[in-house]
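Enquirer: Pasting a structure here, questions to come.
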Amino acid sequence: MTWEYLGYIASVFLVISLMMSNVVKLRWFNLTGCICFAVYGVMIEAWPVALTNGLLALVNSYHLIKLHRA
């Protein structure tokens, strides 16, 4: 698998997440896209991409936990 495909898949998840009206679904799709982009960034050694999306994945995880507890 070329890593470029993972980047495209990540983009699709992020675009889908922005179409969600349900916040929980939005967070799950966005989290999946961020994880894919973080892995993609590591594999192609694009550290700003990996770091930013890794941090965004943590933010999404935090909000999912917060929503689950409420």
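The values are calculated or read from the model by the stated rules, or taken from the named source; none is laboratory data. Everything numeric in this text was worked out from a predicted model, so none of it was measured. We place every Cβ from the backbone using ideal geometry, glycine too, and count neighbours over all the protein chains shown. The accessibility values were calculated without ligands, DNA or RNA, using every heavy atom of the protein model including side chains. Shrake-Rupley method; radii C 1.70, N 1.55, O 1.52, S 1.80 Å.
Enquirer: How far apart, in nm, are two points set 7 Å out from the Cα along the Cα-to-Cβ line at residue 19 and at residue 55?
Expert: It is 3.0 nm.
Enquirer: Of 56, 26, 18, which has the largest mean-square fluctuation in a 10 Å C-alpha GNM of the chain?
Expert: Comparing 56, 26, 18 in the GNM, the peak value goes to 18.
Enquirer: Can you tell me the 0 to 90 degree angle between the C-alpha axis of helix 47-69 and the longest principal axis of the chain, rounded to 10?
Expert: Helix 47-69 sits roughly 20 degrees off the main axis of the chain.
Enquirer: A further question follows. Go from 0 up to the bin containing the longest alpha carbon distance in region 3-68, width 10 Å each, and give me the % of pairs per bin.
Expert: Bins of 10 Å from zero give 26, 51, 21, 2 percent of pairs.
Enquirer: Mind checking which of 57, 38, 46 has the largest fluctuation in a GNM of the chain, springs on alpha carbons under 10 Å?
Expert: Its mean-square fluctuation being the largest, the pick is 46.
Enquirer: GNM, the chain, Cα, under 10 Å: largest mean-square fluctuation among 30, 53, 22?
Expert: In the Gaussian network model the winner is 22.
Enquirer: Right, another one. At a probe radius of 1.4 Å, what is the per-residue accessible area of residue 4, in Å² to the nearest 10?
Expert: Result for residue 4: roughly 110 Å² accessible.
Enquirer: What does the extension gain come out to for residue 5 and residue 64, with contour length at 0.36 nm per residue minus their alpha carbon separation?
Expert: Stretched out fully, the residue 5 to residue 64 stretch lengthens by 18.5 nm.
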